[in-house]
């Protein structure tokens, strides 16, 4: 006896959506899967966009993860340059606009997965004049448009000192462009504490020619015009290319007007199974809300989108898989400096009302008698009860070490666990105690003092 065909529509062709569609077709069950994407390209590596600009990746097609031909071969009905403009949750159908032909069709579904991602934030306080060469930097088309203009660019202003802004700045500097980053707070403020950010800034400027990169912090932009950028302090900067990289906001308009609940964070509210308030409608990726220590948050990490795309698809298929809170582990290498972080920075924890303790250690990655040793800066966080809730790292092997902390966080383990795990040791590769363990020892002392003080 054959099972009834189940029609599943996935809205969004990014990481979460594509992985969800592939997971369903990979089950070899009777799924009819349609993947709707606004973009003209199937899923690609957004993290690789800066390397398209710099030329480290020669052919932009190399970052396309799955071709349209491959997706169709495995049984996915792929609709590129199509927009899901309306969801009728009663009739279980989606209104789809073909942006190539402007034709509208209606597709029925049994289950729906919303993976509409996020879009760049354009700050309201910035006046943008007609004719200004202003770009955002979140899609492959953005990268290709910027790359086409590079030959005419001598000076560039990047509005926003987050990870995307810094990675783009590095790519432009490598091409000989003079770059100024304008940041309202401090660079990487959504990832790092101000003291760690200041250290990163110093290291970046050490690695750059004096005139190739300027970083203006605690500074705002009021106007962008043809060839100039005006700052809040009255200064005017020359700019042949201005890029706004001030973060992203979840794409939830479709969900909101379809009666799907939006959470306190501004992303689509989901339960532990990633199901929305409407039965058989799920959400995953940047558009879906998550939590950290019970507090609603938004996320914009491909690693989270990938895993949650799988879980949403598994639950559509009848499984009962629940997500755990993410550790928010991330890493990058900018201007030859490794940075990594997990959890939230202290300014965000404080706004949430979460009490915490931390330790900071600047140590060498190898024994003192090894001349090739390099400094590593570590800031480790715990709750007042001792549970590890975050870490910020700058230096050699930061990407590897943050994964150690992430594993401890994922299992909700205490700081003491970082004191007892066994790590490999060889003088030319590492010290007998890792930088993480050294920071953990300092934090354990602070915890004991805090407990003693509170019991007095």
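Of note:
- Bridge type composition, segment 127-246 - antiparallel percent by DSSP, nearest 5: 30 percent
- Relative exposure of 23, 276, judged by other C-beta atoms within 10 Å (fewest first): 23, 276
- Mean-position separation - Cα centroids, segment 264-320 and segment 92-142, in angstrom: 20 Å
- If you wrap the tightest convex hull around every Cα atom of segment 330-449 and split its volume per residue, you get 102 Å³.
- Paired Rg and Dmax values of the chain, which use every Cα atom, in angstrom: 23.7, 75
- In this label model, residue 223 and residue 90 are separated by 5.2 nm, measuring between points 7 Å along each Cα→Cβ vector.
- Taking the number of Cβ atoms within 10 Å of each Cβ as an exposure proxy, the fewest-first ranking of 400, 180 is 400, 180.
- Cα pair distances of segment 24-88 binned at 10 Å [whole percent]: 19, 39, 30, 11, 1
- Put simply, when 313-325, 207-219 are sorted by average Cβ atoms within 10 angstrom per residue, most first, you get 313-325, 207-219.
- Principal axis dimensions, segment 127-246 - Cα atoms, whole angstrom, descending: 39, 29, 28
- The chain - share of DSSP beta bridges that are antiparallel (%, nearest 5): 60 percent
- Between residue 174 and residue 210, the modelled labels are 2.6 nm apart [label points 7 Å from Cα along Cα→Cβ].
- The distance between label points at residue 72 and residue 433 comes to 6.1 nm (points 7 Å beyond Cα on the Cα→Cβ vector).
- Cα principal axis extents for segment 253-303, largest first, Å: 27, 21, 20
- Between segment 26-80 and segment 183-235, the alpha-carbon center distance in angstrom: 34 Å
- Relative contact order computed over the chain (Cα-Cα under 8 Å; 6+ residues apart), in percent: 13 percent
- Kirkwood-type hydrodynamic radius, segment 18-164: 18.0 Å, calculated from all non-identical alpha-carbon pairs.
- Full extension of the chain segment joining residue 445 with residue 293 gains 52.4 nm, where the gain is 0.36 nm per residue of separation less the Cα-Cα distance.
Readers should treat all values here as calculations from the given coordinates under stated rules, not as data from a laboratory. Everything quoted here is computed from the prediction, not taken from an experiment. Using ideal geometry, Cβ is built from the backbone for each residue, glycine included, and neighbour counts are taken over all protein chains shown.
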